[in-house]
Structures are given as C-alpha cells and as structure tokens.
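Engineer: My questions all concern the structure below.
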Amino acid sequence: PNTDIAEQGWRTLKKRSKGILDPYEPLIKLVTLANHKTLFRLYIGGIEDSAIAHTVCHDLQEINIDCLVLKTMRD
C-alpha cells in the first residue's frame, strides 16, 4: 500500500536471498490493477539483460523466494 512497506519487503527479501540480491537495488513502481486499485510493486532494479534476470530469478526460486521475470519500462 505504500513505499515504506515495499522498502521493508526489499530488506526482508535481501536478508533471505543469501547474497543473491546484494548487487542490486530495489525498484518500486506504482501500478494500477485491472480493478482500478493502485499499489506499489517491488522489482529488482538494475538488471538490463534478460539472461541475467532469468538466472537471478532461478537462483531465488532455488531458495524458495518467489520470482517472476517481467520487462519494465524505464522512468
């Protein structure tokens, strides 16, 4: 519901990630859902290459952290 909660989520995921997320920063974006509700969505920022994104996501999934590779637009 707000950026503070998204930032706390990042800190929690980073601790659980066993170093996988250490080189990255959070990317928090305001999104509007189909039902017109808005929320803040947490992404891994700084990954420009699709292959790297898939590798990082796979590594996170291996330690039971949900992950989905999405192409985002730069602001």
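The values are calculated or read from the model by the stated rules, or taken from the named source; none is laboratory data. This is a predicted model, so every value here is computed, not measured. For neighbour counting, all protein chains shown are included, and Cβ atoms are generated from backbone atoms with ideal geometry for every residue, glycine included.
Engineer: Is one or more of the residues making up the range 53-69 among the hydrophobic types (A, V, I, L, M, F, W, C), surrounded by 10 or more Cβ atoms within 10 Å (Cβ to Cβ), out of contact with any Cys (no Cβ under 6 Å at 6 or more places or on another chain) and assigned to a strand (DSSP E or B)?
Structural biologist: Among the residues of the range 53-69, not one is among the hydrophobic types (A, V, I, L, M, F, W, C), surrounded by 10 or more Cβ atoms within 10 Å (Cβ to Cβ), out of contact with any Cys (no Cβ under 6 Å at 6 or more places or on another chain) and assigned to a strand (DSSP E or B), which makes the answer no.
Engineer: Quickly run through the range 1-49 and pick out the residues that are loosely packed, with under 12 Cβ neighbours inside 10 Å and touching a residue at least 24 places away in the same chain (Cβ under 8 Å).
Structural biologist: Those that are loosely packed, with under 12 Cβ neighbours inside 10 Å and touching a residue at least 24 places away in the same chain (Cβ under 8 Å): Pro1, Asn2.
Engineer: Within the range 17-31, work out how many residues are at pLDDT 95 or above and either more than 10 Å from Gly45 (Cα to Cα) or part of a loop (DSSP other than H, G, I, E, B) (or both).
Structural biologist: Qualifying residue count, the range 17-31: 8.
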